[in-house]
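What follows is a set of notes on a single structure, which appears directly below.
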Amino acid sequence: MKNDKKEKRIGLFVCHCGVNIAGVVDVEKVAQVMKDHPGVAFSTNYVYMCSDPGQQMIIDTIKEKKLDSIIVAACSPTLHEKTFQEAAKLAGLNPYQIEIANIREQDSWVHKDKERATRKAIKIIKSHVAKARLNESLEPIKVDIKKRALVIGGGISGIQAALDIADHGYQVLLVEKNPSIGGKMIQLSETFPTLDCSQCIMTPKMVEVSRHPNIKLLTYHEVESVSGFIGNFKVKIKKKPRYVFESLCNLCGECEKVCPQIAPDEFNMGLSFRKAIYMPFPQAIPGTYTLDAEHCLGLKPVRCGKCKDVCDKKAIDYDMKEEFFEEMVGSIVIATGYDLYSLQALGEYGSEKYDDVINGLEFERILSASGPTGGEVRRPSDGKVPKNVVFVQCCGSRDTEKHNPYCSKICCMYTAKHAMLYKHRVPDGHATVFYIDVRTGGKAFDEFYQRTVEEDKVLYVRGKVSKIYKEGDKLIVWGVDTLTGKKVEVEADMVVLAMAMVKAEGVDDLLKKLKVSTDIHGFLAEAHPKLRPVESLNAGFYLAGCAQGPKDIPEAVAQASAAAAKVGDLFAQKELTHSPEIVPVNTDLCSGCGICITMCPYDARSLDKERGVVQVNEVLCEGCGACAAACPSGAAQQRNQTDEQIFAMLTAMLGG
Amino acid sequence: MRVKLKAGAEESKFIERIEELSGENVYACYQCGRCSAGCPVAFEMDLLPNQIIRLVQMGLKDEVLNSKTLSICASCFTCQSRCPKGIDMARVMEAVRHVLDPKSRDIFGPSDVSPELAIELPQQVLVAVFRKFSK
Amino acid sequence: MRLHYYPGCTLKNKTTNFDLSTREAMKRLDIELVEPDGWTCCGAEYPLTEEKIVGLAAPIRVLRQVKDEGGDILVTSCSFCYAVLKRAHKAHRDDPIKRKRVNAFLHDDIKIDRWTKEKTTGFEDYDGEVRILHILEYLRDVVGREKIRSALKRDLRGLKVAPYYGCRLLRPRDEIGLDEPDNPHIFEEFLETIGCTPVDYPFKQECCGSYLSVSLPSAATEASYRVLRSAKLEGAEAIAVSCPLCFYNMDHRQELIKEKFLDFPGLPVLFFTQLLAWGLGVERSVLGLDQHAVSPASLFRESPGPEVIL
């Protein structure tokens, strides 16, 4: 579609980009040649167009020469298109009348022959002139924002993000799949480097979440599906049947006493048992019992019924079912946490075979006062107090061959903590840590590690353990001290393996439903590894905590607050703007064949059955152009990238 | 004893030759020591397997020259099966043997086996040990 | 049916009990083991450097012979030979340069016609057509558990046997690929199939010392001792091996081990095919029990009573 009959006055600004462009392309000649090109009302060149004077030049020239459109021949549009669009706006020009001709990445950076590179630059610019002539002035699409956030995951990151967003004044839905919030942090005994009791510092936050007027706490819920787009997500949530009314349960515990069924206690990492009707831990929030149908004798039909009989408050209801409901939110924070690499993977350590070869979380439960041993260090097999404990770092991490190539970041610190706490509880015991490096990058971290070595007299041996096997009562650990060049063997009573941090179990399914991208290890992919750590490339999704990669609690909290701040940024705007360079439907030409619908990766197009033509959701459309390429009738034409424009560009490039 | 770490042509040639012969990237080793920890005969060695590859990394050819370790490796591949970087230490060991023992002498040869013993031994072990250690 | 079989030089000379028990056992499973014509020693040690290509010639020659005789599977019971053959085959198949050079080297071999005794050249180049299987593999994958069980004639009465994998059956994983180096099952499954009780012990894949029994005997003595001791501690009545060198180190040298390590009372060492043959009903005299330094005779007693009831 032509803009209007009047010939546009196009201004051309050719950038030197220092020597990046000018070193290969004769920019002065280009500007000179283009002066006489039809449509070009003004042509100049300058050293750095993106600089303040450069931009000022653009603004002044637009006003002086009454330009309708400008072309900046410079670097890739991904870098400065926005810069020049903003400059043009200041001069009163519609930002979609700006064209960026890339003569750097596409020309000066890839060619050596100066003469040919200069000719190519001219061709490129000519093609943009052809396009610019037909560009329309466009207005950004405005989108409403639903100022309500969804936080998935009730660990420390999810809790922090929820609190911060709620403190801003916005409504938050906090969805947690387990019966209580708390995540992994609530399972810890003490945290490094302060040795704060983990539950003591976390439960106040958990209580705050439960009491906050802006937070709707949905535990034992899961996200079923998400549709929509930033500012306007429709989330389908599943409420799992707890079989207990939270509001009625008074935690008297009578049900638990009479329940005949036992199950491994997940909170204690399987080191002890719980009943089928249970509370995960004393400070659980919400404070209520939950009936685990899987381990119950049977609910359909009811085979036991003892718990219901003894419940004074009539809080138990066997007829509860799964419920689904929908909520609208404007942004989603994903804080789904992590899991530890499976012990089964390290056959050479006998971790599957031997009860006394355990992972870090199991040791945390042993150390914890609320754990299966009441805080006494006893080994799982026979309850004896281990006098010789070996700690092995880097189990399944830093391994490019069979396991995970990355470093899990927290193991060096928590191993030092474990060794230190063991020595505090068993002063006549001996602790050995086998390490390759000791990584203590945080505040007060190295000092903490030095205390472990100097004050608590833990022996650090530099060498990776090759094999662990059992002989009689002892676990024989084959290691090496690379510093003295000696192969060493330790007869241990118990071995604690610092297993790698991996993606949370089952998170793949959830992320597929959310259509959020991950990296090759299954951790959430951030938009830019250095400059955008809490946003996903998928607009509207924010990342917090170990779901994005291994990190410790201070970092997780910082990231959660950062994600909350980004949500705040979003909600602070009156409305969202979406790029108008989308692909509308020309209903005169559209035959309703539907090919474009199948091409669209954003589900932006659908069939209007009444009218027999395709319609497009302008906010979902990202302007990729796949539909435009596929459309047989030409009804799908991308704004400012029409077929007519593209052919005009080709003609210009080929010398026409 | 002062060891000069020269990054000279001789050192590079040595390292390159080892990599060429073994097909392994010696720089990938981050000295975790797992090879030495699992080696069944390390207790007899003067230099541990991880120390051998360390000296290669540093180009210190002379340091490995007289090590007994080279003739103690049993080629059992435990090192290779446990290395987190996938380095085949057995191949590196063999490459070092080749570079440092240029066909001039036997580490262990026919003259080291008495005729009485030779009759008693299974053939495979004679073939194996001479293949490894004799010129 | 006929199956190509590579005994290896040691089986033909020193450990004929291994060879004979293998052949007799397979006969009971209706398999006749046929040696490729004019086979030679495989070389025992697989050449570990990229340049030693000559070392590949001998094993490839054997495989070429098998191919020439129309075979597509070659089995062996000696794990040393298995490792060399399999690794040489893989290197030959996957590296076109090595393949070209080895084939060129072997090109001048003269073929003698079996019947007319005429000399002709012209072996076809070997391009990796033969599959090399260890007898344990063959039994598991081709013969199958059920067939073996139904062919059993003797009740081994849950004899507690420690399976000894050693190095060659498992490592390197990507070239041998028989089972997981740190968690293997194939040998245990075999023992269960024939009616023994496999004993789990942590040293089943540790090296016995290998050729160090010649060049540095003290190392091999200690290495073998550790394996035997571990098996004994876990209650084994015998240890089953699949390599004549392991057998030599642990059986022939057991007296030396006992002299040096007084806490070790002794443990009979068997070839796994002897157990298989015995279970399948082969006569005692064929098993070659007199070739053992540590007599296992007591383990092979005819049991009074009915034949095995499955």
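What's the total number of residues in the stretch C:84-124 that are aliphatic (A, V, I, L, M) and under 18 Å from C:PRO36 (Cα atoms)? Spell out how you get there, then give the answer.
Taking the stretch C:84-124 as the starting set, the residues that turn out to be aliphatic (A, V, I, L, M) are C:84-85, C:88, C:91, C:97, C:102, C:104, C:106, C:110, C:112.
Add one more test, that the residue is under 18 Å from C:PRO36 (Cα atoms), and what stays is C:84-85, C:88, C:106, C:110, C:112.
So the count comes out to 6.
Taking strands (runs of 3 or more DSSP E) that do not extend beyond the stretch A:242-357, which have at least 1 residues that are in contact (Cβ under 8 Å) with a residue 60 or more places away in the chain? Spell out how you get there, then give the answer.
Working: elements: A:262-264, A:273-275, A:323-329, A:331-334, A:338-340.
Ranges flagged: A:323-329, A:331-334, A:338-340.
Listed here are the residues, each with its yes/no results for (1) in the same structural domain as A:ASP508 (by TED's automatic domain parsing); (2) among the small types (Gly, Ala, Ser); (3) modelled with pLDDT under 95.
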| residue | (1), (2), (3) |
| --- | --- |
| A:GLU352 | no, no, yes |
| A:GLU364 | no, no, no |
| A:PRO380 | no, no, no |
| A:PRO386 | no, no, no |
| A:GLN393 | no, no, no |
| A:GLY396 | no, yes, no |
| A:CYS407 | no, no, no |
| A:MET420 | no, no, no |
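Output yes when any residue across the stretch B:98-112 is facing chain C (nearest Cβ under 7 Å), among the β-branched types (Val, Ile, Thr), under 23 Å from B:LEU47 (Cα atoms) and in contact with a Phe, Trp or Tyr (Cβ under 9 Å, 6 or more places away or on another chain), and no when none is. Spell out how you get there, then give the answer.
So in the stretch B:98-112, the residues facing chain C (nearest Cβ under 7 Å) come out as B:98, B:108.
The next check asks that each one be among the β-branched types (Val, Ile, Thr); those that pass are none.
No; the residues of the stretch B:98-112 include none that is facing chain C (nearest Cβ under 7 Å), among the β-branched types (Val, Ile, Thr), under 23 Å from B:LEU47 (Cα atoms) and in contact with a Phe, Trp or Tyr (Cβ under 9 Å, 6 or more places away or on another chain).
Just one of (1) away from chain B (no Cβ under 13 Å); (2) part of a loop (DSSP other than H, G, I, E, B); (3) under 18 Å from A:CYS546 (Cβ atoms) trips up A:ASP428, so point out which.
(3) is the only condition that A:ASP428 fails.
Can you pull out the residues in the stretch B:33-54 that are in contact with a Leu (Cβ under 7 Å, 6 or more places away or on another chain) and at the interface with chain A (Cβ under 7 Å from one of its Cβ atoms)? Spell out how you get there, then give the answer.
In the first step, residues of the stretch B:33-54 are kept if they are in contact with a Leu (Cβ under 7 Å, 6 or more places away or on another chain); the result is B:36, B:41-42, B:44.
Correct list: B:SER36, B:ALA42.
Given B:CYS73, B:CYS35, which one is in contact (Cβ under 8 Å) with a residue 24 or more places away in the chain, surrounded by 15 or more Cβ atoms within 10 Å (Cβ to Cβ) and part of a helix (DSSP H, G or I)? Working first, answer last.
Numbers: B:CYS73 fails: part of a helix (DSSP H, G or I).
That would be B:CYS35, the only listed residue that is in contact (Cβ under 8 Å) with a residue 24 or more places away in the chain, surrounded by 15 or more Cβ atoms within 10 Å (Cβ to Cβ) and part of a helix (DSSP H, G or I).
Does B:LEU117 count as at pLDDT 90 or above, over 29 Å from B:ARG2 (Cβ atoms), among the hydrophobic types (A, V, I, L, M, F, W, C) and surrounded by fewer than 24 Cβ atoms within 10 Å (Cβ to Cβ)?
Details: at pLDDT 90 or above: no; over 29 Å from B:ARG2 (Cβ atoms): yes; among the hydrophobic types (A, V, I, L, M, F, W, C): yes; surrounded by fewer than 24 Cβ atoms within 10 Å (Cβ to Cβ): yes.
Judged against the criteria, B:LEU117 is not a match.
Looking for whichever is in a helix (DSSP H, G or I), modelled with pLDDT of 95 or more and in contact with a Cys (Cβ under 8 Å, 6 or more places away or on another chain) here; the options are A:ALA556, A:ALA562. Which one fits?
Values: A:ALA562 fails: in contact with a Cys (Cβ under 8 Å, 6 or more places away or on another chain).
It is A:ALA556.
Can you find, within the stretch B:79-94, the residue that is farthest from A:LYS402 (Cα to Cα) among those that are assigned to a helix (DSSP H, G or I) and more than 7 Å from every other protein chain (Cβ to nearest Cβ)? Reasoning before the result, please.
Start the filter on the stretch B:79-94 by keeping residues that are assigned to a helix (DSSP H, G or I), which leaves B:79-82, B:89-94.
Restricting the remaining residues to those that are more than 7 Å from every other protein chain (Cβ to nearest Cβ) gives B:79, B:89, B:92-93.
Numbers: B:CYS79: 14, B:MET89: 16, B:VAL92: 20, B:MET93: 22 Å.
The residue in question is B:MET93.
Answer yes if at least one residue in the stretch C:16-31 is surrounded by 16 or more Cβ atoms within 10 Å (Cβ to Cβ), within 14 Å of chain B (Cβ to nearest Cβ), touching a strand residue (DSSP E or B) at 6+ places or on another chain (Cβ under 8 Å) and not in a loop (DSSP other than H, G, I, E, B), and no otherwise.
yes
So which of A:ALA166, A:ALA101 is crowded, with 21+ Cβ neighbours inside 10 Å and part of a helix (DSSP H, G or I)?
Working: A:ALA101 fails: part of a helix (DSSP H, G or I).
That would be A:ALA166, the only listed residue that is crowded, with 21+ Cβ neighbours inside 10 Å and part of a helix (DSSP H, G or I).
For the list (1) under 21 Å from A:ALA87 (Cβ atoms); (2) of a type outside the set (S, T, N, Q); (3) at pLDDT below 95, I need the number of the one condition that A:PRO38 fails.
In the conditions (1) under 21 Å from A:ALA87 (Cβ atoms); (2) of a type outside the set (S, T, N, Q); (3) at pLDDT below 95, A:PRO38 misses (1) alone.
Among the listed residues A:VAL458, A:VAL480, which satisfies the condition of being of a type in the set (Val, Ile, Thr), buried (at least 16 other Cβ atoms within 10 Å of the Cβ) and more than 12 Å from chain B (Cβ to nearest Cβ)? Before the answer, list the steps.
On the way: A:VAL480 fails: more than 12 Å from chain B (Cβ to nearest Cβ).
Within the list A:VAL458, A:VAL480, the selection yields A:VAL458.
Quick check: is even one residue across the stretch A:489-509 outside any helix (DSSP H, G or I), in contact with a strand residue (DSSP E or B) (Cβ under 7 Å, 6 or more places away or on another chain) and without any contact (Cβ under 8 Å) to a residue 40 or more places away in the chain?
Taking every residue of the stretch A:489-509 in turn, at least one turns out to be outside any helix (DSSP H, G or I), in contact with a strand residue (DSSP E or B) (Cβ under 7 Å, 6 or more places away or on another chain) and without any contact (Cβ under 8 Å) to a residue 40 or more places away in the chain.
Among (1) modelled with pLDDT of 90 or more; (2) more than 11 Å from chain C (Cβ to nearest Cβ); (3) in contact with a helix residue (DSSP H, G or I) (Cβ under 6 Å, 6 or more places away or on another chain), there is one condition B:LYS61 misses while meeting the rest; what is its number?
It is condition (1) that B:LYS61 fails.
Hey, can you tell me all the residues within the stretch B:14-32 that are more than 9 Å from every other protein chain (Cβ to nearest Cβ), surrounded by fewer than 18 Cβ atoms within 10 Å (Cβ to Cβ) and part of a loop (DSSP other than H, G, I, E, B)?
B:ASN25
Kindly indicate the residue of the stretch C:81-109 that is touching a residue at least 60 places away in the same chain (Cβ under 8 Å) and in contact with a Ser or Thr (Cβ under 8 Å, 6 or more places away or on another chain) and also nearest to C:ILE53 (Cα to Cα) among those meeting that condition.
Residue satisfying both the conditions and the ranking: C:LEU85.
Determine which member of the set A:GLU224, A:GLU190 is over 30 Å from A:GLY374 (Cα atoms), in contact (Cβ under 8 Å) with a residue 40 or more places away in the chain and either out of contact with any helix residue (DSSP H, G or I) (no Cβ under 9 Å at 6 or more places or on another chain) or not assigned by TED's automatic domain parsing to the domain that holds A:TYR602 (or both). Full working, then the answer.
Working: A:GLU190 fails: over 30 Å from A:GLY374 (Cα atoms).
None of the others qualify; the one that does is A:GLU224.
Could you grab me the full set of residues in the stretch A:369-395 that are out of contact with any strand residue (DSSP E or B) (no Cβ under 7 Å at 6 or more places or on another chain), more than 25 Å from A:ALA500 (Cα to Cα) and either surrounded by 23 or more Cβ atoms within 10 Å (Cβ to Cβ) or of a type in the set (D, E, K, R) (or both)?
Of everything in the stretch A:369-395, those that are out of contact with any strand residue (DSSP E or B) (no Cβ under 7 Å at 6 or more places or on another chain), more than 25 Å from A:ALA500 (Cα to Cα) and either surrounded by 23 or more Cβ atoms within 10 Å (Cβ to Cβ) or of a type in the set (D, E, K, R) (or both) turn out to be A:GLU376, A:ASP382, A:LYS384.
Scan the stretch C:197-214 and tell me whether some residue there is under 19 Å from B:MET45 (Cβ atoms), within 11 Å of chain A (Cβ to nearest Cβ), touching a residue at least 12 places away in the same chain (Cβ under 8 Å) and buried (at least 21 other Cβ atoms within 10 Å of the Cβ). Please lay out each step first, then the result.
Looking only at the stretch C:197-214, we keep the residues that are under 19 Å from B:MET45 (Cβ atoms), and these are C:206-214.
Filter once more, so that each one left must be within 11 Å of chain A (Cβ to nearest Cβ): C:206.
Then drop every residue that is not touching a residue at least 12 places away in the same chain (Cβ under 8 Å), which leaves C:206.
Restricting the remaining residues to those that are buried (at least 21 other Cβ atoms within 10 Å of the Cβ) gives C:206.
Yes, that holds for at least one residue.
Among the residues of the stretch A:142-175, count how many are within 14 Å of A:VAL209 (Cβ to Cβ) and not β-branched (Val, Ile, Thr).
16
Where residues in the stretch A:256-288 are among the aromatic types (Phe, Trp, Tyr) and within 32 Å of the chain's Cα centre (by Cα), which of them is farthest from A:VAL244 (Cα to Cα)? Show your work before the answer.
Applying the first criterion (among the aromatic types (Phe, Trp, Tyr)) to the stretch A:256-288 yields A:267, A:273, A:278, A:281.
Next cut, within 32 Å of the chain's Cα centre (by Cα) only: A:267, A:281.
Working: A:PHE267: 20, A:PHE281: 16 Å.
The residue in question is A:PHE267.
Select, from C:ILE97, C:ILE148, C:ILE132, the only residue that is surrounded by fewer than 13 Cβ atoms within 10 Å (Cβ to Cβ) and hydrophobic (A, V, I, L, M, F, W, C). Lay out the reasoning, then the answer.
Values: C:ILE148 fails: surrounded by fewer than 13 Cβ atoms within 10 Å (Cβ to Cβ); C:ILE132 fails: surrounded by fewer than 13 Cβ atoms within 10 Å (Cβ to Cβ).
The conditions single out C:ILE97.
B:GLU11: at pLDDT below 95, more than 11 Å from chain A (Cβ to nearest Cβ) and over 15 Å from the mean Cα position of the chain (by Cα), yes or no?
Working: at pLDDT below 95: yes; more than 11 Å from chain A (Cβ to nearest Cβ): yes; over 15 Å from the mean Cα position of the chain (by Cα): yes.
Here the answer is yes, as B:GLU11 does meet what is asked.
Restricting attention to the stretch A:258-296, which residues are within 21 Å of A:LEU218 (Cα to Cα) and polar (S, T, N, Q)?
A:GLN283, A:THR288, A:THR290
Would you be able to tell me the number of residues in the stretch A:524-564 that are charged (D, E, K, R) and crowded, with 24+ Cβ neighbours inside 10 Å? Full working, then the answer.
Here is the first cut: in the stretch A:524-564, the residues charged (D, E, K, R) are A:526, A:530, A:532, A:535, A:551-552, A:555.
Then drop every residue that is not crowded, with 24+ Cβ neighbours inside 10 Å, which leaves none.
Result for the stretch A:524-564: 0.
The values are calculated or read from the model by the stated rules, or taken from the named source; none is laboratory data. Predicted model, so just to flag it, every value in this text is computed and none were measured. Glycine gets a Cβ as well: all are built from the backbone with ideal geometry, and neighbour counts include every protein chain shown.
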